[in-house]
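Here is the structure we will look at, set down as structure tokens.
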Amino acid sequence: MTQHRINTQTGTVSTADFQGWDAWLKSKINPENCYLLAHQTDGVNWGRFDAAGWTFSNSIYDNAPVFAPSKLLELRVFHEAFELFVWRTQMGYRWRLIEDVPDGTLACNVLSEAQWLWGSRREAKSNGNFTLLGDGAQGMRHAVPIDVPKDYFIKVAAGKNTTHHPVRLHVNHYVQPDPDTGLATVFASRLVKLDTETLLTPEVSNES
């Protein structure tokens, strides 16, 4: 574990106000270079923000749901420096912002975790911003908002090439001692970044 200092904010937003979700997000954070993970009633949607604004999984995968605030269950917009988490309630939405800053008001320990995501093969060539991944005989698919080279799905085991899950979702778990028991407790978790891990030196190829 490492020591961090953080700032946190929480609040509510009405369903009507959240229909203008992009402007509302920009009132809380700078979305530049952020990723987005949305759980909706009709599926999971990844997004990313760049010079052209927000783009989503359905830019490369037709079966991905269209991002729709009316269908949102929870939303995480994340960057290495912060995460804005929004979730639906009976009264509208609640939100929480966690920022990792050197002069943060709350000192805590951080346990960092790299979670493996589904995706043992690339279903289509990356469009530079998103890569469509597939996994298993069931044909599970999702489009992640990063470029994943085709060679990253290979690993060598016992002299043979086998499949590899290269995409990692990094998570920070914030830890403090319980004031009553003294036991270390995770009081909050947030998404940090997406990246890839290869077990091979990527081959030189006309297709990345």
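The values are calculated or read from the model by the stated rules, or taken from the named source; none is laboratory data. All figures in this text were calculated on a predicted structure; none of them were measured in a lab. Positions of Cβ are backbone-derived with ideal geometry, glycine not excepted, and every protein chain shown enters the neighbour counts.
If a residue counts only when it is closer than 17 Å to Lys193 by Cβ, which strands (runs of 3 or more DSSP E) contained entirely in segment 1-107 have at least 3 such residues?
In segment 1-107, the matching strands (runs of 3 or more DSSP E) lie at 2-13, 35-40, 43-50, 72-79, 82-89, 92-100.
Going through Thr198, Thr181, Thr185 one at a time, which residue ends up being at pLDDT 85 or above and part of a loop (DSSP other than H, G, I, E, B)?
Sole residue among the options that is at pLDDT 85 or above and part of a loop (DSSP other than H, G, I, E, B): Thr181.
Condition first: of a type outside the set (Asp, Glu), over 18 Å from Gly47 (Cβ atoms) and free of Cβ contacts under 8 Å to residues at least 12 places away in the same chain. Can you find one or more residues in segment 90-108 that meet it?
Yes - at least one qualifying residue is present in segment 90-108.
Only one of (1) touching a residue at least 24 places away in the same chain (Cβ under 8 Å); (2) touching a strand residue (DSSP E or B) at 6+ places or on another chain (Cβ under 8 Å); (3) under 22 Å from Arg168 (Cα atoms) is not met by Asp50, so which one is it?
Against the list (1) touching a residue at least 24 places away in the same chain (Cβ under 8 Å); (2) touching a strand residue (DSSP E or B) at 6+ places or on another chain (Cβ under 8 Å); (3) under 22 Å from Arg168 (Cα atoms), Asp50 comes up short only on (2).
Name the residues in segment 1-60 that are within 15 Å of the chain's Cα centre (by Cα) and of a type in the set (Val, Ile, Thr), would you?
Selection gives Val44, Thr55.
Do any residues in segment 67-83 that are without any contact (Cβ under 8 Å) to a residue 40 or more places away in the chain have Cβ atoms under 6 Å from those of residues that are outside any strand (DSSP E or B) and surrounded by fewer than 20 Cβ atoms within 10 Å (Cβ to Cβ), where the two are at least six apart or on different chains, and which pairs are they?
Lys71/Thr41; Lys71/Asp42
Is there a residue in segment 140-160 that is modelled with pLDDT of 95 or more, part of a strand (DSSP E or B), in contact with a strand residue (DSSP E or B) (Cβ under 6 Å, 6 or more places away or on another chain) and not hydrophobic (A, V, I, L, M, F, W, C)?
no
Suppose the filter is modelled with pLDDT of 90 or more, within 24 Å of His39 (Cβ to Cβ) and out of contact with any Phe, Trp or Tyr (no Cβ under 7 Å at 6 or more places or on another chain); does Thr131 pass it?
The answer is yes for Thr131.
Take Phe153 and tell me if it is over 23 Å from His4 (Cβ atoms) and crowded, with 18+ Cβ neighbours inside 10 Å.
Spelling it out, Phe153 is indeed over 23 Å from His4 (Cβ atoms) and crowded, with 18+ Cβ neighbours inside 10 Å.
Scan segment 161-178 residue by residue and report those that are at pLDDT 85 or above, within 25 Å of Tyr35 (Cα to Cα) and not basic (Lys, Arg).
His165, Pro166, Val167, Leu169, His170, Val171, Asn172, His173, Tyr174, Val175
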